[in-house]
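Q: Structure below; questions to follow.
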């Protein structure tokens, strides 16, 4: 029998959400008893061109006028932990926009606050939040390697660190001797180089369903391959984390999901993020919306997308693309799908429900309950307590 997975639910870190309301959300999610980690995305720019975010397309625009005004994920993580003592925290970021010393210091702080229940998931970066700000997305994998090596160096050494990396050089770099609680550091993403770095240096890796791991069987192959690689490198495969983010559209009323899948917000996301390898669309009998080789992390810059371009993408995206791009249905149906991936080797589950983006503000306020129900069902299936 596989172990009970760690569960996580992302919190809305929009600056339009009052801090008191954010704290109440953190307490509610932690208080459910079925979510291990409060999850924050370290984002600057979202996936949608601003002209798509209108009241007509997204009623939530009435209270969140734009979806690019993110709060700092690490500051929000600290706030969430203060608001919900005893919670764990998970934060995703990239290897480009923050330096290794600063990132270590921040994560050591959060891990201390979370009593060791802290995970950093770090990827190679996205063009939409690197290029416009003066960073080079092409440096992502090299910087990721430096980060993963330095996480070990700083934590394991009891003396100043000398380091020659791909992009960082350090001489007698020192963060002190305090080792209160060690955060876990996972690689986020895919590709041969990233997965090699993960099995060499990281505590785990995370990918996304269904845009990368479109079936449990395909994910099981990845798990087997990575475990073999870990064994070759002298590491314990059972100590390594296998994480998945589930891109969801969860609702008990199928007509609500139907309407969402007919709208431009969900269709844009399905086209742009539904399959990271465009050729994978053909595995489910659909034609890609973008050219072969197009990858959102390298090509997508929402601020540069014209209204004509977004209209063309949305028009060519079908209902079938949406159905293939999101794990969707009632909480029970989504939980059953998640369970298939747990049986395939997933040990960390993040329920990322995007449906609230297109709900009324009133319905969006209740959406977190559906994510909690999924987590509760997943926990109960492994003998852990259900919702309390």
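The values are calculated or read from the model by the stated rules, or taken from the named source; none is laboratory data. Quantities reported herein were computed from a predicted structural model and do not represent experimental measurements. Here the Cβ is made from the backbone with ideal geometry for all residues, glycine too, and neighbour counts use every protein chain on show.
Q: Tell me which of these residue 340 doesn't satisfy, since it passes every other one: (1) farther than 21 Å from residue 275 by Cβ; (2) modelled with pLDDT of 95 or more.
A: (1)
Q: Could you list, in sequence order, all residues of the stretch 282-301 that are part of a loop (DSSP other than H, G, I, E, B) and within 22 Å of the chain's Cα centre (by Cα)? Spell out how you get there, then give the answer.
A: Of the stretch 282-301, the ones part of a loop (DSSP other than H, G, I, E, B) are 285-295, 300-301.
Listed by number, the residues that qualify are 294, 295, 300, 301.
Q: Another one. Taking residue 349 as meeting all but one of (1) touching a helix residue (DSSP H, G or I) at 6+ places or on another chain (Cβ under 8 Å); (2) closer than 14 Å to residue 249 by Cβ; (3) in a strand (DSSP E or B), write down the number of the exception.
A: Every condition holds for residue 349 apart from (2).
Q: Given (1) within 30 Å of residue 136 (Cα to Cα); (2) in contact with a helix residue (DSSP H, G or I) (Cβ under 8 Å, 6 or more places away or on another chain); (3) loosely packed, with under 14 Cβ neighbours inside 10 Å, where does residue 301 come up short, assuming only one miss?
A: Result: residue 301 fails condition (3) only.
Q: Within the stretch 277-289, which residues are touching a helix residue (DSSP H, G or I) at 6+ places or on another chain (Cβ under 7 Å), buried (at least 17 other Cβ atoms within 10 Å of the Cβ) and farther than 13 Å from residue 310 by Cβ? Talk me through it step by step, then tell me what you get.
A: From the stretch 277-289, those touching a helix residue (DSSP H, G or I) at 6+ places or on another chain (Cβ under 7 Å) are 284, 286-289; that's our starting set.
Going one step further and asking which of them are buried (at least 17 other Cβ atoms within 10 Å of the Cβ), we end up with 286, 288-289.
Hits for the stretch 277-289 are 286, 288.
Q: Still on this structure, I have one more. Give the stretch 143-178 a look and list any residue that's over 28 Å from the mean Cα position of the chain (by Cα) and not in a loop (DSSP other than H, G, I, E, B), or say none.
A: 161, 162, 163, 164, 169, 170, 171, 172, 173
Q: Pick from 279, 308, 320: which is under 30 Å from residue 51 (Cα atoms), without any contact (Cβ under 8 Å) to a residue 12 or more places away in the chain and assigned to a helix (DSSP H, G or I)?
A: On the way: 279 fails: without any contact (Cβ under 8 Å) to a residue 12 or more places away in the chain; 320 fails: without any contact (Cβ under 8 Å) to a residue 12 or more places away in the chain.
On inspection, the qualifying residue turns out to be 308.
Q: Out of all the residues in the stretch 110-140, which are without any contact (Cβ under 8 Å) to a residue 60 or more places away in the chain and crowded, with 18+ Cβ neighbours inside 10 Å?
A: Let us first name the residues in the stretch 110-140 that are without any contact (Cβ under 8 Å) to a residue 60 or more places away in the chain, namely 113, 130, 134-136, 138-140.
Selection gives 113, 130, 140.
Q: Just one of (1) crowded, with 16+ Cβ neighbours inside 10 Å; (2) without any contact (Cβ under 8 Å) to a residue 12 or more places away in the chain trips up residue 171, so point out which.
A: Looking at each condition in turn, residue 171 falls short on (1).
Q: Please verify whether the stretch 123-135 includes one or more residues that are over 25 Å from residue 275 (Cβ atoms) and touching a helix residue (DSSP H, G or I) at 6+ places or on another chain (Cβ under 6 Å).
A: Initially, the stretch 123-135 is screened for residues over 25 Å from residue 275 (Cβ atoms), giving 133-135.
Now narrow it down to the ones that are touching a helix residue (DSSP H, G or I) at 6+ places or on another chain (Cβ under 6 Å): none.
No - not one qualifying residue is present in the stretch 123-135.
Q: Take the stretch 310-325 and flag every residue that is within 12 Å of residue 275 (Cα to Cα) and exposed (fewer than 14 other Cβ atoms within 10 Å of the Cβ).
A: Result: no residue meets the conditions.
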